[in-house]
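Scroll down for the structure; my scribbles are underneath it.
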Amino acid sequence: MASMYQPIVMSRLRAGLLVLLAIAVLTMAWWGMIRMPGKSFTGTPPPLSAEELKLREELVADVRKLGGEIGERNVKYYAQLQAAADFVEQSFVAAGYRPRRDGYDVRGKVCENIDVEIPGASPEIVVIGAHYDSVFGSPGANDNGSGVAALLALARRFAGSRNEHTLRFVAFPNEEPTHFQTPLMGSWVYANRCKARGDRIAAMISLETIGYFSNQRGSQVYPLPGLGLIYPRTGNFIAFVGNVPSRALVRQALGIFREHATIPSEGTALPQNVPGVGWSDQWAFWQHGYPGMMITDTAPFRYPHYHAQTDLPDQLEYDGFTRVVAGMEHVVRELANPSGR
Ligand SMILES: [Zn+2]
């Protein structure tokens, strides 16, 4: 008898174990990477407030400056890269800061990180960053004029503030190829120098291409086929994206955002080798052991003018963009003041 039935029992047992294992893996993946606090905003958003209308004007003006007046800015268009650096520096000065320009050599050209700091009561640092270069062949209004405009708008709103944690606003050069995910990224140099000094970075947020939203169904695509079953197909939301070790930060930031925001939002903490997950400056901080995440409209997975000559200021959707930055002001404030919540 045993010789007749045992193989069947064993194979059923094995199949059962495999199913259990698959369920366990899926549950862990859901628990660790996909589950997020709060509820995404739905319905018709309220009109922009007077403060938000002022913010919108600032964003429009700064995107026009970077993606229109200055245009393509990178090591090939080096004078424009420097003009963008000057613009960032002057904007920080106008907001009441004393910016630092920290240079490094890229094949004979000096490229600079520009940052400002608001010292806090504790040594923990919250870094808000955006890259100010644009890819070869693109004026980079959305990628990443939008991120820099948001960085400057947030810096203006925190000037003179007192916080528990130290706050830094940083603009990086050379995020785009051919420097992308190499030690020549401004953010890599910045994170490396932070690490060497022993800076305690509690959170890094990269503002990466955040100005395009669409209510068209099917306007949102994904780097992996399964993700379209979990996340929306309409590209009207802002995404909070981290790697798995930064999942607590992603959840905390998205939870705060959802308490205040008037625009839909999604969050995910995926392995950093999933296409898109490491495609901005947070990647450089991960390489140095710091938690980091990116805020993005998902760029190539939604924006029709991604990395194109046509990534111009008029292509952005400024109401949605304004709602994102207004929500991020709460995120930055609460991340910098964890016991004030
Ligand atoms: Zn880009």
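Tell me, yes or no, whether the range 268-275 has at least one residue that is in contact with a Leu (Cβ under 9 Å, 6 or more places away or on another chain) and among the small types (Gly, Ala, Ser).
yes
So for the range 90-101 (the condition being away from the ligand (no atom under 16 Å from the Cβ), touching a Ser or Thr at 6+ places or on another chain (Cβ under 8 Å), at pLDDT 95 or above and farther than 23 Å from Arg56 by Cα), does at least one residue qualify?
no
Condition first: more than 16 Å from the ligand (Cβ to nearest atom), part of a loop (DSSP other than H, G, I, E, B) and over 15 Å from the mean Cα position of the chain (by Cα). Can you find one or more residues in the range 236-259 that meet it?
There is at least one residue in the range 236-259 that is more than 16 Å from the ligand (Cβ to nearest atom), part of a loop (DSSP other than H, G, I, E, B) and over 15 Å from the mean Cα position of the chain (by Cα).
With the requirement that a residue be more than 16 Å from the ligand (Cβ to nearest atom), of a type in the set (A, V, I, L, M) and within 16 Å of Ser280 (Cβ to Cβ), what does the range 113-166 give you?
Within the range 113-166, Val127, Ile128 meet the criteria.
Here is a list of conditions, (1) away from the ligand (no atom under 15 Å from the Cβ); (2) in contact with a His (Cβ under 7 Å, 6 or more places away or on another chain), and Gln315 meets all of them except one; can you say which number that is?
All conditions are met except number (1).
Just one of (1) closer than 17 Å to Met36 by Cβ; (2) free of Cβ contacts under 8 Å to residues at least 24 places away in the same chain trips up Thr310, so point out which.
Exception for Thr310: condition (1).
Residue-wise test of (1) surrounded by fewer than 17 Cβ atoms within 10 Å (Cβ to Cβ); (2) β-branched (Val, Ile, Thr).
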site	(1), (2)
Arg100	yes, no
Tyr104	no, no
Ser134	no, no
Ala149	no, no
Ala159	yes, no
Glu175	no, no
Phe180	yes, no
Ile201	no, yes
Met204	no, no
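For the range 318-334, give me each residue that is over 18 Å from Ser214 (Cβ atoms) and out of contact with any strand residue (DSSP E or B) (no Cβ under 9 Å at 6 or more places or on another chain). Talk me through it step by step, then tell me what you get.
The first filter runs over the range 318-334 and keeps only residues over 18 Å from Ser214 (Cβ atoms), leaving 325-334.
Listed by number, the residues that qualify are Ala326, Glu329, His330, Arg333, Glu334.
Give the range 176-194 a look and list any residue that's within 14 Å of the ligand (Cβ to nearest atom) and under 16 Å from Gly103 (Cα atoms), or say none.
Residues satisfying the conditions are His179, Met185, Gly186, Ser187.
Would you point out which residue out of Gly32, Gly16, Gly38 is touching a residue at least 24 places away in the same chain (Cβ under 8 Å) and part of a helix (DSSP H, G or I)?
When all the criteria are applied, what remains is Gly32.
Report whether or not Ile238 is crowded, with 22+ Cβ neighbours inside 10 Å and hydrophobic (A, V, I, L, M, F, W, C).
Details: crowded, with 22+ Cβ neighbours inside 10 Å: yes; hydrophobic (A, V, I, L, M, F, W, C): yes.
So Ile238 fits the description; yes.
So if I check each of Gly160, Gly242, Gly211, which one is in contact with an Asp or Glu (Cβ under 7 Å, 6 or more places away or on another chain) and touching a residue at least 24 places away in the same chain (Cβ under 8 Å)?
Details: Gly160 fails: in contact with an Asp or Glu (Cβ under 7 Å, 6 or more places away or on another chain); Gly242 fails: in contact with an Asp or Glu (Cβ under 7 Å, 6 or more places away or on another chain).
Just a single option satisfies the conditions, and that option is Gly211.
Out of the range 279-298, which residues are part of a loop (DSSP other than H, G, I, E, B) and within 13 Å of the ligand (Cβ to nearest atom)?
Passing the criteria: Trp279, Ser280, Asp281, Asp297, Thr298.
Name the residue, out of Val274, Val250, that is aliphatic (A, V, I, L, M) and in contact (Cβ under 8 Å) with a residue 60 or more places away in the chain. Write out each step before concluding.
Working: Val274 fails: in contact (Cβ under 8 Å) with a residue 60 or more places away in the chain.
Going through Val274, Val250 in turn, the sole match is Val250.
Which numbered condition trips up Leu48, out of (1) closer than 28 Å to Gly242 by Cα; (2) modelled with pLDDT of 90 or more; (3) surrounded by 11 or more Cβ atoms within 10 Å (Cβ to Cβ)?
All conditions pass for Leu48, except number (1).
Report whether or not Phe169 is among the aromatic types (Phe, Trp, Tyr), more than 11 Å from the ligand (Cβ to nearest atom) and either out of contact with any helix residue (DSSP H, G or I) (no Cβ under 6 Å at 6 or more places or on another chain) or touching a residue at least 60 places away in the same chain (Cβ under 8 Å) (or both).
Yes, satisfied.
Answer yes or no: is there a residue in the range 320-327 that is among the β-branched types (Val, Ile, Thr) and either over 16 Å from the mean Cα position of the chain (by Cα) or assigned to a loop (DSSP other than H, G, I, E, B) (or both). Steps first, answer last, please.
As a first pass, look at the range 320-327 and keep what is among the β-branched types (Val, Ile, Thr): 322, 324-325.
With the extra rule that they be either over 16 Å from the mean Cα position of the chain (by Cα) or assigned to a loop (DSSP other than H, G, I, E, B) (or both), the set shrinks to none.
No, the conditions are met nowhere in the range 320-327.
The values are calculated or read from the model by the stated rules, or taken from the named source; none is laboratory data. A quick note: this is a predicted structure, and the numbers were derived from the prediction, not measured. Here Cβ is always computed from backbone atoms with ideal geometry, including for glycine, and neighbour counts include all displayed protein chains.
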